[in-house]
1. Quick check on my filter: what residues within region B:47-64 are crowded, with 24+ Cβ neighbours inside 10 Å, over 20 Å from B:His168 (Cα atoms) and either within 9 Å of chain A (Cβ to nearest Cβ) or of a type outside the set (A, V, I, L, M) (or both)?
2. Among the listed residues B:Ile258, B:Ile243, identify the single one that is open to solvent by 10 Å² or more (accessible area, probe 1.4 Å), farther than 20 Å from A:Thr371 by Cβ, touching a residue at least 40 places away in the same chain (Cβ under 8 Å) and in the same structural domain as B:Val445 (by TED's automatic domain parsing).
3. From A:Arg394, A:Arg309, A:Arg319, which residue is charged (D, E, K, R), open to solvent by 10 Å² or more (accessible area, probe 1.4 Å) and in contact (Cβ under 8 Å) with a residue 60 or more places away in the chain?
4. Where residues in region A:269-299 are within 19 Å of A:Ala165 (Cβ to Cβ) and of a type in the set (Ser, Thr, Tyr), which of them is surrounded by the most Cβ atoms within 10 Å (Cβ to Cβ)?
5. How many residues are within 30 Å of A:Val25 (Cα to Cα) and in a strand (DSSP E or B) if we restrict to region A:38-79?
6. On the basis of being open to solvent by 10 Å² or more (accessible area, probe 1.4 Å), outside any helix (DSSP H, G or I) and more than 14 Å from chain B (Cβ to nearest Cβ), does A:Asp424 make the cut?
7. Can A:Ala88 be described as touching a Leu at 6+ places or on another chain (Cβ under 9 Å) and at the interface with chain B (Cβ under 8 Å from one of its Cβ atoms)?
Amino acid sequence: MEQARRLLESARGDEQIEVYLSRGVDTDVEVYEGSVEKLTTAASAGVGIRILVEGAGGARVGSAWAGSLDEEAVADALDQARDNVRFATEDEYLAFARPDGVAPAGMSLRDESVLATPLDDKIALAVELERRVRAGDPRVRQVESAAYSDYVIEGALASTVGVEANYARSGAYLSVEAIASDGTSDQTGYGLSAARRPQDLDLGAAATDAIIRSTRMLGATRPSTRRTVVVFDPRTAATVLAILGGALSGEAVVRGRSFFAGRLGEVVAASAVTVVDDPTDARHFAASNFDGEGLACRRNVLIEGGELRAFVYDTVSARRAGTTSTGSAVRAGIAGSPSAGPRALVMSPGIDNQEEILAAVGEGLYVDSLTGVHSGVNPISGDFSVGVTGLMIRDGQLGEPVREVTVASTLQRMLLDVVHVGADTTWLPGVAAGQTLAIADLAVSGS
Amino acid sequence: MANPLVETDVIERVLGAARAFGDFAEVFVEDRVTSSATLDQGRIEELSNGRDRGAGIRVVVGETTGFAHTADLSETGLMAAATAAATIAQRGGGGVRRVALGTRVDHARLAEVLPSDVDKATKVAWLRAANDVARSEGAQITQVQVGLGDSSRRFLVANSEGVFASDHQVRTRFMVSCVAQGDTGMQTGYKPFATTRGYEALTDDVVAGAARHAARQALTKLQARPAPSGDLPVVLAGGSGGILFHEACGHGLEADAILKRASVYAGRVGEQVASPLVTLVDDGTVEGEWGYLAIDDEGYAGTRNVLIENGVLTDYMWDLLRARREGRASSGNGRRQSYQHLPMVRMTNTYLMPGTDDADEIVAQTPYGVYVAQLGGGQVNTATGDFVFGMTEAYLIENGVITAPLRDCNLIGNGPETLARVDAVAADFSMTPGTCGKNGQSVPVGTGQATMRLSSVTIGGTAA
């Protein structure tokens, strides 16, 4: 923060400056056949600078960043940002965030044990993960990689208009990809455990997940083309929710890139659907005390009982929409400028567990992995088409495995077609948590 | 390299320190300067400049690779990283020696007009020009976003086997995205232009062409009907994106997947893995294309490698470590996103060699199917061979004629099965730029193909 404050002193004339400093340490271990294949430890640091100048027709902004905190690099970034201001178009809605009096949640999201845990212990976790997956089922013929990784990141954001925020976060992950074989073909299964510190990782769950997901897919065939209920497991449901989140961004709305634009107060989803963006819930891996402009993160209810209630805004998109920031600025590290977006989405859980949902659905398709999300989903038009693997649902239970199949609809239709939201809230890395989610009437393309 | 990133004697001492602990050591030094400019809703929103400079040092001991990186390019900083990499490669001892390097091989940059030669006002003018062109295509164009980006990347790589080389890679990108609003909702259009040349490649025609293309695509799609659901013949337009081959077999031919037996193509060299019409090449030497490289990020020359010839698998793609293990030479496919990343086997420009059929005839001889004018991205599971790729501009083919536009969707297939179904390849070859993601690292790649047909692919739409 001291370095950030010092940089603010270089403001000239009526310039406003915003400085975002970040530094991090991370470790990545990849294990193969019982020994370390790759091991990386690294520290990195950088600075992102934005300069804003107000004029008669509005404000202009310029930005620059540097992947180091040495004086020359930072001074150069400052000069570049200043120069870049000249070329922007004046915009009456453009402004830096001003302190708005909302108190941050004050969560502790960084755990010192990430740094304190000996490297050998971290390596041992990855070695044990690989061993368990290889030993767990004779049909597992290969473990392509078993990995442990962690990070600690801390940042400071300060601006000449009074914002000051500190960020500190840690995380630890175990991941493993198993390849199972029945002699004629191979199937894969991915297992993952995430926590804020290594002690909380669930190695057994990650191993079991990879084993079950790969072996139960053996013998998978292509189902026939049909329309049916699709039950997304919590992991894939989280992916769907994250995509949906893009359309709930106030920035997408004010820029005419959201199919939700102009629909506040309308029923956009089945009554079982309540979507909340809550970065103040420490259970969410994306939890944060401050947003990307240094305002306190807060809980925002976006869809409630199927009704569209709100969008998430940063300062600029809020001004454009005639409202105030919801503390929802996100930024992609030092090189990214803030934009509005949900950070920690979760649906309000229903009352049924997965078994009960499958029983209620009776016949359908259970999906446990998605591919082509970036190529087959258009968050502007709402078109949704993804490759999936999973199991048919027969008589209310998981049946035979299927692969090389797509499911398709539109995001708009899918929201209205939600029939069950599970009670099994699963916290996952990324923008969204997930629950078992049943959606009626998707097109399944197979043979 | 007129102004070396790090002096040769420093590299020699650092490499010597790293090598003392392992079988192999490498120092990779990089200085990347980037700039970008965006226009949205008619406004120049923001110009941004960035600089990333640092070194990545890897040390290999047996099968273990230790890696450390630093933004500190002083000898002290580099020595600290070398020691860290060596330590984590888990072997102590050994005296520090100096690795003697020969004469550095400097590669001439391809770019003529460097990003730093172009003033910001000129860049901004291109953004405005594209916006004007796109909006003039129709009143239903409601949103236009234009982006311009460039990067000037100088790097130096030296290893304990005597490689000592430098390169200066310049990349220039221009993208136009449009949204059109119609009675049935919004549709999108997108056109990227990307080259490993400098600003000499970005002409007024390129700018206007990209804008027109993106706008027309969005407008056309306003009439789009839901794509079919199920198996149909598919004609891919020339240059629509060879992403099909990138996903259906490219990733599965990367040596890391092969050596771990995590690819359906492992152990199949010499076998028929595709239709005889398929000759697939990965080629880092195609100057100007997005995946071009004079040398890869391990210092080995970009190469033209034939992967599949007349349907028969001929070879895989190799980086240095995988090639060393097999006692062969790198194929120039060792790439990394930045000095903060370890290199791995990656594609460069991957393309299907053109055939002899006539593009129009291929369509005319397809009674009912889908014509894909532009592909989006894709994804593959190399172990099962199952892959998807998205279509972002497509039409129905009815009675041999291209008819109604279709909404976006994915297509799905299995690599070897789909490659066997290539039943026509035309001569109208062209290439498309893309970004390939693998294990968290993104690198620029090119893909290419002529108009071609697959006798059957699963279309992931919603229409019966």
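The values are calculated or read from the model by the stated rules, or taken from the named source; none is laboratory data. Predicted model only: the values in this text are computed from it and were never measured. Note: ideal-geometry Cβ built from the backbone for every residue, glycine included; neighbour counts use all protein chains shown. The accessibility values were calculated without ligands, DNA or RNA, using every heavy atom of the protein model including side chains. Shrake-Rupley method; radii C 1.70, N 1.55, O 1.52, S 1.80 Å.
1. Once the filter is applied, which keeps residues that are crowded, with 24+ Cβ neighbours inside 10 Å, over 20 Å from B:His168 (Cα atoms) and either within 9 Å of chain A (Cβ to nearest Cβ) or of a type outside the set (A, V, I, L, M) (or both), region B:47-64 yields B:Leu47, B:Ser48, B:Arg58.
2. Details: B:Ile243 fails: farther than 20 Å from A:Thr371 by Cβ.
Result: B:Ile258 is the single residue among B:Ile258, B:Ile243 that is open to solvent by 10 Å² or more (accessible area, probe 1.4 Å), farther than 20 Å from A:Thr371 by Cβ, touching a residue at least 40 places away in the same chain (Cβ under 8 Å) and in the same structural domain as B:Val445 (by TED's automatic domain parsing).
3. Details: A:Arg394 fails: in contact (Cβ under 8 Å) with a residue 60 or more places away in the chain; A:Arg309 fails: in contact (Cβ under 8 Å) with a residue 60 or more places away in the chain.
Answer to the check: A:Arg319.
4. Among those residues, the one meeting the criterion is A:Ser288.
5. Residues of region A:38-79 that are within 30 Å of A:Val25 (Cα to Cα), as a first pass: A:38-51, A:62-79.
Okay, now just the ones that are also in a strand (DSSP E or B), so A:38-51, A:62-66.
Summing the residues that are within 30 Å of A:Val25 (Cα to Cα) and in a strand (DSSP E or B) in region A:38-79 gives 19.
6. Details: open to solvent by 10 Å² or more (accessible area, probe 1.4 Å): yes; outside any helix (DSSP H, G or I): yes; more than 14 Å from chain B (Cβ to nearest Cβ): yes.
Yes, satisfied.
7. Values: touching a Leu at 6+ places or on another chain (Cβ under 9 Å): yes; at the interface with chain B (Cβ under 8 Å from one of its Cβ atoms): yes.
So A:Ala88 fits the description; yes.
Each row is one residue, and each column tells you yes or no for (1) within 13 Å of chain B (Cβ to nearest Cβ); (2) outside any loop (DSSP other than H, G, I, E, B); (3) in contact with a strand residue (DSSP E or B) (Cβ under 6 Å, 6 or more places away or on another chain).
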residue	(1), (2), (3)
A:Asp209	no, yes, yes
A:Pro223	yes, no, yes
A:Arg227	yes, yes, yes
A:Val230	yes, yes, yes
A:Thr239	yes, yes, yes
A:Leu244	no, yes, no
A:Ala252	yes, yes, no
A:Phe259	yes, no, no
A:Gly262	yes, no, no
